Amino acid sequence: MTLRLYDTASRTVRDFVPVVTGKVGIYHCGLTVQGPPHLGHIRKEVTFDVLRRWFEFRGYAVTLVANITDIDDKVLAKETEQDGPWWAIAYANVRALHAAYTALGCLPPTYEPRATGHIPEMVELIAQLIERGHAYPADDGSGDVYFDVRSWPDYGTLSNQRLDDMEPAADADARGKRDPRDFALWKGHKEDEPVTASWPTPWGRGRPGWHLECSAMVGKYLGDEFDIHGGGLDLRFPHHENELAQSTAAGRPFARYWMHNAMLNLDGEKMSKSVGVSLLVSDVATRFRPIDVRYYLIAPHYRSIIEFTEAAMAEAATAFQRVEGYVVRATEVTGGIDPAVGEPDPDFTAAMDDDLSVPAALAALQRAVREGNKLLADGDSPALADNLAGVRRMLGLLGLDPLDPLWVGATDRTGSSQAIDGLVAALLDQRQEARARKDFAAADAIRDRLGEAGVEVEDTPQGPRWTVVG
RNA sequence: GGCGCCGUGGCGGAGUGGCUACGCAGCGGCCUGCAAAGCCGUGUACACCAGUUCGAUUCUGGUCGGCGCCUCCA
């Protein structure tokens, strides 16, 4: 079966056909590093991490490029709010983003280009656009360079809007614009802005407009025509519309597929940087296990809005821990397996091929877990090992295998020092002796004492097992 | 005003012109010394009103409600 993806531009689900057979180039808009990432930002990262893992499973050589926009109005504005130069603030937020990636099990992108490192590529693109008659330097001496939307009849196709219905762009004084909807490719240096935030160009010193960096960088690393361009749905317009216009007007075919993930809302509204930052990844990760957070973020379809609530998050954690519990117990019984030999359930594969239908894929996974639990009741067997391998393979494709080195430490439910192992084992021996002589009061007393110390005891057909909780 | 998305059982969340989503919670049972975990069983769910149809939660139109974008946004 072919992989099918929903393409925002055509508003249909289409068979995926790569530019180059066997390869896929994906570019998704990383962050404008004006602040540390919140749960909404990381939803996007996790979504594209799952996409990337699925393409790799399907045998594609994946090139994943996620940019960092480290210079723009908002970043500069932080300089006056916070103590420190804009570039230090941007860098600190890059580091926070990397910490969030790691915490939530996202594989690093193939490359992570930064806007400030690609000024020459941007200048080149502007020159091409001016030469072709689609951009012009403002005649008010501001040093701004604008994209001429009237010169590009296709402007508006991505967001399905007509130019005449659009409101004026407010990214600069309209004085130098030919049309109020023209957007800035380049912004001339202003007296009150730091000189460090300006670069020389044929049109004077200045800094890039918001959209230019992505067109320049995607062109450099993925080519004039590439496979998939992604990002949050809120980027569809103006950001992606403008990228598309800039690139195609410069003669570059650009993205074949546009993928946009839906927002994560809080209190019924989109989490917005301008409304105030809440639900920082660094904060959520202290209240919930990161692997549970990842499950919560990918369990709904990527094109469905997530209304964040603590209750739903906690419920998702319970749901995932059921799966995780099976993996842990089955691993204890089988002695461990190599997940690479596992085969995903056909229903799982079909669901993932169908525009990354993770909810349906998880339903298949849950059925496999139920089967596994039944097998587990009979102890070790080839069928159990087989099932466990399949379950772990499926989990791995979602970045959720609890035994992946990625998560070790964070989710280790049995790990403790050898001393604790010995002490608990000794107490459990005493309890087993008590049970053997039907002294259940003594046996339960030992279990209660262990429970008070945070050690939970369960009796299984293979004997008692214990885990450290909390 | 323009362009879109969504309203599913107590909760989360898929999907389909007729056939069990799945999970959480609840209830009943099995297993267990007890428990935990697990397994089995268990729900007149598709905002409202019309229309199309043999049949609509699914398609069409309308109403109500919620959300996103229209140059800060993931």
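Assess whether residue A:155 counts as being part of a strand (DSSP E or B) and within 16 Å of RNA strand B (Cβ to nearest atom). Judged against the criteria, residue A:155 is not a match. Restricting attention to the stretch A:203-231, the residues being closer than 13 Å to residue A:256 by Cα and either without any contact (Cβ under 8 Å) to a residue 40 or more places away in the chain or outside the structural domain of residue A:74 (by TED's automatic domain parsing) (or both) number 1.
Condition check ((1) closer than 23 Å to residue A:458 by Cα; (2) free of Cβ contacts under 8 Å to residues at least 24 places away in the same chain; (3) open to solvent by less than 60 Å² (accessible area, probe 1.4 Å)) across all residues:
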position: A:358; (1), (2), (3): no, no, yes
position: A:362; (1), (2), (3): no, no, yes
position: A:365; (1), (2), (3): no, no, yes
position: A:381; (1), (2), (3): yes, yes, yes
position: A:388; (1), (2), (3): yes, no, yes
position: A:423; (1), (2), (3): yes, yes, no
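How many residues are outside any loop (DSSP other than H, G, I, E, B), in contact (Cβ under 8 Å) with a residue 12 or more places away in the chain and among the β-branched types (Val, Ile, Thr) if we restrict to the stretch A:1-21? Selection size over the stretch A:1-21: 1. A Cβ distance below 7 Å, combined with a sequence gap of six or more or placement on separate chains, defines the contacts here; from the stretch A:324-336, residues that are closer than 14 Å to residue A:370 by Cβ and in contact (Cβ under 8 Å) with a residue 12 or more places away in the chain reach residues that are open to solvent by 30 Å² or more (accessible area, probe 1.4 Å) and within 11 Å of RNA strand B (Cβ to nearest atom) in the pairs A:326/A:373.
Here the condition is being open to solvent by 10 Å² or more (accessible area, probe 1.4 Å) and either over 25 Å from residue A:96 (Cα atoms) or more than 6 Å from RNA strand B (Cβ to nearest atom) (or both); of A:294, A:289, it holds for A:289 alone. On the stretch given as the stretch A:22-59, residues that are under 22 Å from residue A:4 (Cβ atoms), within 14 Å of RNA strand B (Cβ to nearest atom) and in a strand (DSSP E or B) total 3. Which of the residues spanning the stretch A:353-393 are part of a helix (DSSP H, G or I), farther than 22 Å from residue A:53 by Cβ and among the polar types (S, T, N, Q)? A:373 - this is the single residue of the stretch A:353-393 that is part of a helix (DSSP H, G or I), farther than 22 Å from residue A:53 by Cβ and among the polar types (S, T, N, Q). In the stretch A:335-348, the count of residues that are surrounded by fewer than 18 Cβ atoms within 10 Å (Cβ to Cβ) and β-branched (Val, Ile, Thr) is one or more.
Residue-by-condition table, conditions (1) crowded, with 19+ Cβ neighbours inside 10 Å; (2) within 14 Å of RNA strand B (Cβ to nearest atom); (3) under 14 Å from residue A:125 (Cα atoms):
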| residue | (1), (2), (3) |
| --- | --- |
| A:220 | no, no, yes |
| A:223 | no, no, yes |
| A:227 | yes, no, no |
| A:232 | yes, yes, no |
| A:240 | yes, yes, no |
| A:243 | yes, yes, yes |
| A:250 | yes, no, yes |
| A:254 | yes, no, yes |
| A:260 | yes, yes, no |
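The values are calculated or read from the model by the stated rules, or taken from the named source; none is laboratory data. This one's a predicted model, so the numbers in the text were calculated from it and none came from an experiment. Positions of Cβ are generated from backbone atoms using ideal geometry, with glycine treated the same way; all protein chains shown enter the neighbour counts. Keep in mind that these areas ignore ligands, DNA and RNA; they rest on the heavy atoms of the full protein, side chains included. Shrake-Rupley method; radii C 1.70, N 1.55, O 1.52, S 1.80 Å.
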